[in-house]
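Since the structure comes first, as structure tokens, the remarks are kept for the end.
None of the figures in this text is laboratory data; all of them are computed from the coordinates on show. The structure displayed is predicted, hence computed values, not measured ones. Here the Cβ positions follow ideal geometry from the backbone for every residue, glycine too, while neighbour counts run over all protein chains shown.
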Amino acid sequence: MSRADKVPEAPVKKEETKAPEAPAKAEKAPAKAEKAPAKAEKAPAKSGKAAKADKAPAEDLKAPADRKALDALFKKHGAEETMKALSKVKVVDLRALAREYNGEFGIAGREITLANKKALIEEFRKYFEK
């Protein structure tokens, strides 16, 4: 055996075993943007009964945003449909609506602040049934 056979190999440098660096985030952004339209195209179109079921409630039966909209909803659809629309409204928004009926509503001030959804809807029912 010669001396060259006994000499151990030099250790491998860490730089050589290093994995290639990941691309910068700026380079990745266009790839994500390209994928977004593809997902939108794959969305199935609604047809038949599913489309009709989505349109079942009348468009004007949306949750009323203010007193004017609530009064118009009552005049057009009556008390029952108005109560159904009010049941979809958050209690915070119901309280704001009740405050718009200054003095005309069964409760006022602090009572409105402390009232729960059921109590507010009941007061609206009483008001509209007068």
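Taking the Cβ of VAL92 as the center, what net charge do the other residues with Cβ under 12 Å away carry, scoring Lys and Arg +1 and Asp and Glu -1? Display every interim value, and only then the final one.
Values: positive: LYS90, ARG95, ARG99, LYS117; negative: ASP93.
That works out to +3.
Using Cα-Cα distances under 8 Å and only pairs 6 or more residues apart, what relative contact order does segment 74-129 have, in percent? Please report the intermediate quantities before stating the final value.
Working: 40 pairs, mean separation 23.2, N = 56.
That works out to 41 percent.
Normalised by the empirical 2.2 N^0.38 Å for globular proteins, what value does the Cα Rg of segment 64-129 take?
For segment 64-129, the normalised Cα radius of gyration is 0.98.
From the phi angles alone, apply the Karplus equation (6.51, -1.76, 1.60; θ = phi - 60°) to segment 114-124 and give each ³J(HN,Hα) in whole Hz, x where the residue is Gly or Pro.
8, 6, 8, 4, 4, 5, 5, 5, 5, 5, 5
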